[in-house]
1. Report whether or not Val74 is farther than 24 Å from Asn120 by Cα and β-branched (Val, Ile, Thr).
2. Do you know which residues across region 215-236 are under 17 Å from the mean Cα position of the chain (by Cα), over 15 Å from Thr147 (Cα atoms) and aliphatic (A, V, I, L, M)?
3. Which condition breaks for Thr13 when tested against (1) farther than 18 Å from Pro227 by Cβ; (2) part of a loop (DSSP other than H, G, I, E, B)?
4. Val168 is checked against (1) hydrophobic (A, V, I, L, M, F, W, C); (2) touching a residue at least 40 places away in the same chain (Cβ under 8 Å); (3) not assigned by TED's automatic domain parsing to the domain that holds Glu258 and fails just one. What number does that condition carry?
5. Within region 88-186, which strands (runs of 3 or more DSSP E) (wholly inside it) include 1 or more residues that are out of contact with any Leu (no Cβ under 7 Å at 6 or more places or on another chain)?
6. When region 49-73 is examined, which residues are found to be in a loop (DSSP other than H, G, I, E, B) and touching a residue at least 24 places away in the same chain (Cβ under 8 Å)?
7. Output the residues belonging to region 103-135 that are among the polar types (S, T, N, Q) and without any contact (Cβ under 8 Å) to a residue 24 or more places away in the chain.
8. Any residue at all in region 106-121 that is modelled with pLDDT under 95, among the aliphatic types (A, V, I, L, M), surrounded by fewer than 20 Cβ atoms within 10 Å (Cβ to Cβ) and not assigned by TED's automatic domain parsing to the domain that holds Trp236?
Amino acid sequence: MAENSKIEWTHHTFNPWEGCQKVGPGCDHCYAEARDQRFTGGAHWGPGAPRRRTSAANWRKPLAWDRAAQAASVRRRVFCASLADVFDNAVDPQWRADLWELIGKTPNLDWLLLTKRPGNIAGMLPEVERAPWGELWPWSNVWLGCTVVNQAEADRDIPKLLAVDAAVRFLSMEPLLGPVDLTRPEFGGTYCAVNCRTMCIAQGDEECPKNSDPALDWVIVGGESGPGARPMHPDWARSLRDQCEAAGVAFFFKQWGEYESDQIGREDAQSASFPPGHVIFRKVGKRTAGRKLDGRTWDQMPGMSHD
């Protein structure tokens, strides 16, 4: 699926600048911080650290990708800022304005803007009234997403993401560090995460006052990889898959991470000296652990058939 990116759910990766700081438990083993430490001694990481804008040659790459996509009559996805955060308030606002201009010049690319700071999005949207092709916000080639690794982050950040209009809204639940319920009543009052209609009926409101379509379009789930990786319980991933399946939301299972697991069944429990449902984890490496969930890959994308 990827072209010049190793990330399974995108074609290209583009970094307009580099640098960030840790803001939650998902950042504990940040690969971008480790990379910056390796090459610059950590010069662009942490509170007060200056961010580094990438080269003009790098900024020209999306223009070439756009021309190629147009010539092939296809769309290509661009994951923007894998080594930074587009909505980082430590970034020079002019850099972000330049990024919006670039996005406006590349209508054949779908820009995936993933943030750990969804509360900043509304105040950092493009100041121009219209996209170059005439669309008012939300622009059709901008997908907005936020990282959610546990229930506390879901409760705090999903409403912030859903408060902003977007052509596509998505979650990156990697590294997934605990079970997450996207159908909680907290999302059913002002916001609904994956099943608006179901929540309203459950609360006795047969006439849903809001749009009955899911507020989220896509959920990416993955376990942690790299040094210090934490294992992901298989039931956490299965639950999110089932929630998405029930609500018609695209589900993408990216990887298990460093660990594979065996869940002890009732027949095996006595001989294994573990209770039914107990999970044994083995650290085998990302490649060996693979990315199949219950025997199949899950590469669903927004707007595609999920059969």
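1. For Val74, the condition - farther than 24 Å from Asn120 by Cα and β-branched (Val, Ile, Thr) - is met.
2. Ala215, Met232
3. With (1) farther than 18 Å from Pro227 by Cβ; (2) part of a loop (DSSP other than H, G, I, E, B) applied to Thr13, the lone miss is (2).
4. That leaves (3) as the condition not met.
5. Result: 109-115, 168-173.
6. Passing the criteria: Ala49, Pro50, Arg51, Thr54.
7. none
8. Scanning region 106-121, I find no residue that is modelled with pLDDT under 95, among the aliphatic types (A, V, I, L, M), surrounded by fewer than 20 Cβ atoms within 10 Å (Cβ to Cβ) and not assigned by TED's automatic domain parsing to the domain that holds Trp236, so the answer is no.
The values are calculated or read from the model by the stated rules, or taken from the named source; none is laboratory data. As the structure is a prediction and not an experimental result, all values here were calculated from the model. We place every Cβ from the backbone using ideal geometry, glycine too, and count neighbours over all the protein chains shown.
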